[in-house]
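These notes are about the structure you will find just below.
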Amino acid sequence: MAPRGWFIVFEGVDGSGKSTQIELLSMKLRDQGVDHVLEREPSDGGIGLFIRDYAEAGDRYLQPESEALLFTADRFEHSKRIEQTLEQGTTVVCDRYYHSTLAYQGAAGVDVAWLRDLQKFALKPDLVLLLDVDPTKSLMRVSGRTLTVFENRDYLSRVRELYLGFAGAGEMRLVDTGRPVDEVESEVERLVEELIGVSF
């Protein structure tokens with residue numbers, strides 16, 4: 001029986017560099033022969049696709065509690081696939097997981113304790129990396145595309161504060177992405193190396 005795969009999650013506001021760092025890490029894992037898959041939330045399932053359409057429509061017509069329930073339902077279905085993958089010995093690198101719901105819907109005024117209660121079923125990641133950047137800079141990075149309903153500077157500042165609180169409580173490893181990409185990449189590699197015991 002193959003050893004269980006590692007579950008690695010990247011968190012942070014849009015424009016924090018998650019996509020870039022996930023791709024760079026994937027290349028390093030591939031070079032070292034580490035069998036892995038890339039996942040994301042919202043997922044590519046039916047509920048996840050609905051959430052993506054909602055986020056891109058530009059009208060935040062749902063109550064944040066309803067958003068939380070949708071994200072959680074998507075995660076419930078997605079977690080089954082992640083669990084199966086891990087059991088097969090394959091590492092999963094995921095762009096967002098339950099801390100996104102805690103931070104984004106928490107920043108919209110939903111009780112974080114209630115949000116945590118909703119996530120009791122969720123798999124516990126082996127490593128959560130918070131890619132942190134000031135929202136002003138993150139929005140500059142995504143200025144070339146249409147913003148989602150969640151991309152507002154004041155709102156993202158509240159999201160960031162919650163994220164930083166989770167990191168301060170030891171739930172995540174903080175990575176400053178206000179630096180050059182190669183410096184961020186080196187720190188991400190070091191943290192992953194510590195987890196999986198592979199030298200990049």
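The values are calculated or read from the model by the stated rules, or taken from the named source; none is laboratory data. Everything quoted here is computed from the prediction, not taken from an experiment. Glycine gets a Cβ as well: all are built from the backbone with ideal geometry, and neighbour counts include every protein chain shown.
Among the residues of region 1-60, those identified as small (Gly, Ala, Ser), in contact with an Asp or Glu (Cβ under 6 Å, 6 or more places away or on another chain) and over 17 Å from PRO125 (Cβ atoms) are GLY45, GLY48. If only residues of region 163-173 that are assigned to a helix (DSSP H, G or I) and surrounded by fewer than 16 Cβ atoms within 10 Å (Cβ to Cβ) are counted, the one that is nearest to the chain's Cα centre (by Cα) is LEU164. Within region 111-137, the set of residues being closer than 18 Å to THR148 by Cβ and either buried (at least 20 other Cβ atoms within 10 Å of the Cβ) or hydrophobic (A, V, I, L, M, F, W, C) (or both) comprises LEU131, VAL133, PRO135. Look at (1) under 24 Å from ALA122 (Cα atoms); (2) without any contact (Cβ under 8 Å) to a residue 40 or more places away in the chain and you find that ALA68 fails only one, number (2). Per the conditions (1) of a type in the set (Val, Ile, Thr); (2) closer than 26 Å to TYR61 by Cβ; (3) not in a loop (DSSP other than H, G, I, E, B), the sole criterion not satisfied by THR136 is (2). As for region 150-168, it holds no residue that is under 20 Å from LEU24 (Cα atoms) and at pLDDT below 95. Screening the candidates ARG96, ARG160 for the property of being surrounded by 15 or more Cβ atoms within 10 Å (Cβ to Cβ), of a type in the set (D, E, K, R), under 22 Å from ASP53 (Cβ atoms) and in contact with a strand residue (DSSP E or B) (Cβ under 8 Å, 6 or more places away or on another chain) yields one hit, ARG96. What tally of residues in region 1-28 results from selecting those that are under 15 Å from VAL128 (Cα atoms), among the charged types (D, E, K, R) and assigned to a helix (DSSP H, G or I)? So the answer is 1.
Report yes if TYR104 is buried (at least 21 other Cβ atoms within 10 Å of the Cβ) and either over 22 Å from THR20 (Cβ atoms) or charged (D, E, K, R) (or both), otherwise no. In short, no.
Would you confirm, using the coordinates I've provided, whether LYS18 is more than 16 Å from the chain's Cα centre (by Cα), surrounded by 14 or more Cβ atoms within 10 Å (Cβ to Cβ) and not hydrophobic (A, V, I, L, M, F, W, C)? No; evaluated as a whole, the condition is false for this residue. Applying the condition of being charged (D, E, K, R) and not in a helix (DSSP H, G or I) to region 174-200 and asking which residue is farthest from the chain's Cα centre (by Cα) yields ARG179. Restricting attention to region 23-59 and to residues that are aliphatic (A, V, I, L, M) and within 21 Å of TYR104 (Cα to Cα), the residue that is surrounded by the fewest Cβ atoms within 10 Å (Cβ to Cβ) turns out to be ALA57. When region 174-200 is limited to residues that are among the charged types (D, E, K, R) and without any contact (Cβ under 8 Å) to a residue 24 or more places away in the chain, the one that is surrounded by the fewest Cβ atoms within 10 Å (Cβ to Cβ) turns out to be ASP182.
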